[in-house]
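The values are calculated or read from the model by the stated rules, or taken from the named source; none is laboratory data. None of the values given here were measured: they were computed from a predicted structure. We place every Cβ from the backbone using ideal geometry, glycine too, and count neighbours over all the protein chains shown.
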């Protein structure tokens, strides 16, 4: 996993990731790439990952077809070590 490489290979300490998901209409280029008629509903996910210094290490924007998307959030208990 890429975060393991950041942690073990570079000594970076990841602190958290924030994800926002919103419904929107596809932009023309998004509709074309996703083979959607316009107007078309999509889900947009923006994730920002932070180091323990609060520096942003990753920013991801993903666009999903609204008619072929299933949302699942597994919740795994982990031990917190400051």
(request) Report yes if some residue within the stretch 36-44 is outside any loop (DSSP other than H, G, I, E, B), at pLDDT 95 or above and within 14 Å of the chain's Cα centre (by Cα); otherwise report no. (result) yes
(message) Which pairs turn up if I take residues in the stretch 56-82 that are farther than 30 Å from residue 37 by Cα and look for partners that are at pLDDT 85 or above and part of a loop (DSSP other than H, G, I, E, B) with beta carbon separation below 9 Å, at least 6 apart in sequence or on another chain?
(response) 57/12
(request) Inspect all residues belonging to the stretch 10-24 and state whether any of them is more than 29 Å from residue 78 (Cα to Cα) and either in contact (Cβ under 8 Å) with a residue 24 or more places away in the chain or surrounded by 14 or more Cβ atoms within 10 Å (Cβ to Cβ) (or both). (result) yes
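Right, residue 19: touching a helix residue (DSSP H, G or I) at 6+ places or on another chain (Cβ under 6 Å) and either at pLDDT below 95 or part of a loop (DSSP other than H, G, I, E, B) (or both) or not? I'd like the intermediate steps shown before the answer.
On the way: touching a helix residue (DSSP H, G or I) at 6+ places or on another chain (Cβ under 6 Å): no; either at pLDDT below 95 or part of a loop (DSSP other than H, G, I, E, B) (or both): yes.
Considered against the rule, which asks whether it is touching a helix residue (DSSP H, G or I) at 6+ places or on another chain (Cβ under 6 Å) and either at pLDDT below 95 or part of a loop (DSSP other than H, G, I, E, B) (or both), residue 19 comes out as no.
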(request) Kindly indicate the residue of the stretch 25-35 that is assigned to a helix (DSSP H, G or I) and over 18 Å from the mean Cα position of the chain (by Cα) and also surrounded by the most Cβ atoms within 10 Å (Cβ to Cβ) among those meeting that condition. (result) 31
